[in-house]
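Q: Sharing a structure with you now.
Taken together, the values in this text are just the output of simple stated rules run on the coordinates, not laboratory data. Computed from a prediction, not measured in an experiment: that's the story for all the values here. Note that we place each Cβ from the backbone using ideal geometry, even for glycine, and neighbour counts take in every protein chain shown.
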Amino acid sequence: MAGIKTSLLSPLKQIFESAEPLSAQQTSYRGEAAALDAAQGAGVHFFTDLRRRRRAIGAFERLWIWKDTAVAGRLGRYLEVAENRAPAKFLIAAGIPVGLPLDEAGEDALWAELDRLTPEFLARHAKGEAPGPRPEGPSLLDLCRELGQRMLAHCNFCAWDCRIDRTIGAKFGTCKLVRGSRVSTYFHHLGEELIFRGLAGSGTIFFTSCNMRCAFCQNGDISTDKDNGQAVSARTLAAMAWILRMEGCHNINWVGGDPTIHLHTIVDAIGLLGQGFQPTREVAVRALDAKADRVFSFELDSGAGTWEGAFNVPMLWNSNFFMTGEATRLLRLLMDVWLPDFKFGPGRCAITLARTPRYWETVTANLALIHGWGEPFTIRHLVMPGHLECCTYPILDWIAEIMPDVPVNIMDQYRPEIYTDPGSPKYMERYAPMARRPTPGEVRAAYHYARGLGLEFEAVTHEKNTMGLRLGL
Ligand code: SF4
């Protein structure tokens with residue numbers, strides 16, 4: 001038994017002893033030596049399961065969920081990129097030349113250039129066309145990076161629209177961030193929807209801090225502590241994404257807290273990945289500091305993440321969608337699939353539960369944008385206790401009226417956390433009505449309502465719900 005564990009968890013330093021940079025041909029990577037201690041209590045079955053899971057990589061497109069016509073119809077292109085049958089958007093953007101000097105042009109001119117080039121980008125994307133050779137001058141991908149940096153200097157990433165210069169850091173906006181970004185952890189996430197977690201996991205990168213203040217945040221330890229985790233440069237972040245994909249993850253899942261407030265760093269990292277980036281040993285070691293599943297054995301496999309020799313992976317924007325239209329326009333050129341949250345109805349719940357004004361207007365506007373663009377996405381709605389009439393029903397009504405073809409995950413896993421959890425030192429009495437899970441009756445009522453509206457929710461909802469409820473059961 002000990003021999004099996006040792007063979008699966010040989011020290012990472014053996015891999016990195018070579019002075020050579022890591023490459024796509026790097027054949028194996030194991031959990032580092034320190035992780036052995038953490039794994040000692042684990043049994044052989046634990047590792048056997050992981051090995052079985054690794055063998056299952058590549059069978060993603062044969063999963064039953066893709067037989068659901070609503071899911072397959074909306075997410076078909078994402079699946080093609082995940083299976084390396086089509087290039088990710090960032091590869092296409094990297095092949096389109098820009099017609100003006102990025103560092104000299106004013107921001108309005110940069111946005112105008114983005115708008116001018118977007119139709120060409122979309123035409124190539126629609127055809128799944130091979131990106132041309134990298135232009136000698138700047139590309140559309142470089143333009144996205146430049147715009148991310150320009151926006152940072154008068155931050156309007158999210159709908160707070162703070163307009164502070166985060167490159168200086170003399171003032172804070174609502175997110176309390178300046179230029180730097182921090183990652184709390186990253187790993188193969190096996191708790192996401194089947195269309196994202198697949199068999200090898202969703203390559204999920206959790207950023208710290210948030211632009212909303214949900215009293216019940218299910219990731220409160222990350223979202224309410226901006227100093228959580230590890231500071232990351234764009235290179236470190238690119239290395240995290242590269243490692244996850246080369247280990248077989250089906251996508252790179254940008255999440256938090258919320259990723260919007262780190263948009264500049266994420267766009268920079270994607271820019272690097274579009275330029276043939278491969279992590280050096282030093283960058284890879286730094287990146288591995290925050291990896292939560294390094295005790296596991298995942299082999300690096302260049303075939304897991306390349307399209308015609310270039311690094312390839314679908315980018316997934318997993319967000320509260322409280323972002324500006326400009327941010328959404330920029331991300332349109334980089335994100336292959338979207339996973340918006342839609343929590344609060346049009347009344348005051350976003351104010352009383354998340355201290356967030358203009359929530360309904362902002363989120364519905366962004367959803368309408370990506371739907372109008374024909375983007376692949378599914379919506380998440382968390383059923384909250386006592387919030388059917390004010391939140392769940394109006395949200396489902398809106399989806400049924402505006403985008404009835406979009407799959408919706410009606411989530412039953414709400415649990416009291418941080419300010420709504422009586423067991424937490426941060427608990428606040430005013431949130432007492434939120435200090436319980438939704439009842440099975442409330443969850444069933446949400447399902448009934450969605451079915452009555454004819455929404456596409458059952459395939460993505462039921463494979464993942466925690467109460468095991470189904471209509472008719
Ligand atoms: S990301 Fe949002 S909250 Fe943070 S400074 Fe920018 S506009 Fe403000």
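Q: Give me, ordered by chain and number, the residues 5 or more places off residue 255 or on other chains with an amide H under 5 Å from its own placed amide H.
A: Amide H neighbours of residue 255, under 5 Å, 5+ apart: 205, 207.
Q: Using the Cα centre as the reference, give the magnitude of the dipole from point charges on the C-beta atoms of the chain (Lys, Arg: +1; Asp, Glu: -1; all else neutral), rounded to the nearest 20 debye. Each step should come with its number before you reach the end.
A: Values: 51 positive and 53 negative charges, 207 e Å.
Here the size comes out at about 1000 debye.
Q: What number, in percent, do you get for the relative contact order of the range 139-291 if the mean sequence gap of Cα pairs under 8 Å and at least 6 apart is divided by its residue count?
A: Working: 280 pairs, mean separation 39.8, N = 153.
This gives 26 percent for the range 139-291.
Q: Contact order normalised by length for the chain, with contacts defined as Cα pairs under 8 Å and 6 or more residues apart; what percent is it?
A: Values: 907 pairs, mean separation 80.4, N = 473.
Reported relative contact order: 17 percent.
Q: Something else now. Can you quote the Å³ per residue value for the convex hull of the Cα atoms in the range 146-285, rounded to an integer? If you can, show how the numbers build up before the last one.
A: Numbers: hull volume 16.2 nm³, N = 140.
In the range 146-285, the Cα hull volume divided by residue count equals 116 Å³.
Q: I'd like the Kirkwood hydrodynamic radius of the chain, using the inverse of the mean 1/r over distinct C-alpha pairs, in Å. Show your work: numbers first, answer last.
A: Details: mean 1/r = 0.0434 Å⁻¹.
Final number for the Kirkwood radius of the chain is 23.1 Å.
Q: Ok, one more. Number of Lys-Lys pairs in the chain under 21 Å by Cα, sequence gap 8 or more or different chains?
A: For the chain, qualifying lysine pairs total 11.
Q: On to the next question. Quick check for you: which residues of the range 361-385 have the amide N under 20 Å from the point 7 Å beyond the Cα of residue 163 toward its beta carbon?
A: 362
Q: Taking every pair of distinct Cα atoms and averaging 1/r, then inverting, what Kirkwood hydrodynamic radius in Å comes out for the range 299-407? It would help to have the intermediate numbers written out before the result.
A: On the way: mean 1/r = 0.0650 Å⁻¹.
After inverting the pairwise mean of 1/r, the radius is 15.4 Å.
Q: OK, next. Report the dimensions of the range 352-466 along its three principal axes from the alpha-carbon atoms, largest first, rounded to Å.
A: For the range 352-466, the Cα spread along each principal axis is 45, 30, 22 Å.
Q: Mind checking the full-extension length gain between residue 415 and residue 130? Use 0.36 nm per residue of separation minus the Cα-Cα distance, one decimal, nm.
A: Details: separation 285, 0.36 × 285 = 102.60 nm, distance 4.59 nm.
Between residue 415 and residue 130, full extension yields an extra 98.0 nm.
Q: Follow-up question, since we're still on this one. Alpha carbons only, please: Rg and Dmax for the range 368-428, in angstrom.
A: Every Cα atom of the range 368-428 included, Rg and Dmax give 15.2, 45 Å.
Q: Using the charge dipole of the chain (Lys, Arg: +1 at Cβ; Asp, Glu: -1 at Cβ; taken about the Cα centre), state which of 223, 187, 434 has its Cα farthest towards the positive end.
A: 434
Q: If the only charges are +1 at each Lys and Arg Cβ and -1 at each Asp and Glu Cβ, what is the size of the charge dipole of the range 218-313 around the Cα centre, to the nearest 20 debye?
A: Working: 7 positive and 12 negative charges, 37 e Å.
That gives a dipole near 180 debye.
Q: In which sequence would 323, 467, 315 go, from the one with the fewest C-beta neighbours within 10 Å to the one with the most?
A: Working: 323 28, 467 13, 315 23.
Ascending Cβ contact count within 10 Å gives the list 467, 315, 323.
Q: In addition: Based on DSSP H runs of at least 4 residues, each adding -39500 (n - 2.57), what is the mean residue ellipticity at 222 nm of the chain after dividing by all its residues, to the nearest 500 deg cm²/dmol?
A: -11000 deg cm²/dmol
Q: To the nearest µm²/s, what D does Stokes-Einstein give for the range 216-366 at 25 °C and 0.890 mPa s, using the Kirkwood radius over alpha carbon pairs as Rh?
A: On the way: Rh = 16.9 Å.
In µm²/s, the coefficient is 145.
Q: So how far apart, in nm, are the two label points at residue 282 and residue 469 if each is 7 Å from Cα heading toward Cβ?
A: Reported label-point gap for residue 282 and residue 469 is 5.5 nm.
Q: Points 7 angstrom from Cα along the Cβ direction at residue 171 and residue 123: gap in nanometres?
A: With each label point 7 Å from Cα toward Cβ, the separation is 4.4 nm.
Q: Quick check on the range 213-253: what are the equivalent-ellipsoid semi-axes from the Cα gyration tensor, as sqrt(5λ), descending, whole Å? Walk me through the numbers before you get to the answer.
A: On the way: eigenvalues 131, 43, 9 Å².
So the equivalent ellipsoid measures 26, 15, 7 Å along its semi-axes.
Q: Further, regarding this structure: Under 5 Å between amide H atoms, partner at least 5 residues away or on a different chain: which partners does residue 158 have, H built in plane at 1.01 Å?
A: Those lying under 5 Å, H to H, from residue 158 are 324.
Q: In whole angstrom, how long is each semi-axis of the equivalent ellipsoid of the range 61-202, when you take the square root of 5 times every eigenvalue of its Cα gyration tensor and sort them from largest down?
A: On the way: eigenvalues 205, 120, 33 Å².
The answer is 32, 24, 13 Å, longest axis first.
Q: Let me ask you something else. Please state, as a whole number in µm²/s, the translational diffusion coefficient that the Stokes-Einstein equation yields for the range 236-321 at 20 °C and 1.002 mPa s, with Rh defined as the Kirkwood radius across alpha carbon pairs.
A: On the way: Rh = 13.4 Å.
Reported coefficient: 159 µm²/s.
Q: If we count every other residue with Cβ under 10 angstrom of residue 102's Cβ, Lys/Arg +1 and Asp/Glu -1, where does the sum land?
A: Numbers: positive: 145, 150; negative: 103, 104, 113, 142, 146.
Local net charge: -3.
Q: Next question, about the same structure. In nm, give the distance between the simple-model label positions of residue 348 and residue 402, each being 7 Å from the Cα along the Cα-to-Cβ direction.
A: Rounded to a tenth, the inter-label distance reads 2.4 nm.
Q: Take every Cα-Cα distance within the range 99-157, group them into 5 Å bins from 0 onward, and report for each bin the whole-number percent of pairs it holds.
A: Bin by bin from 0 Å, the calculated values are 4, 16, 27, 24, 16, 9, 4, 0.
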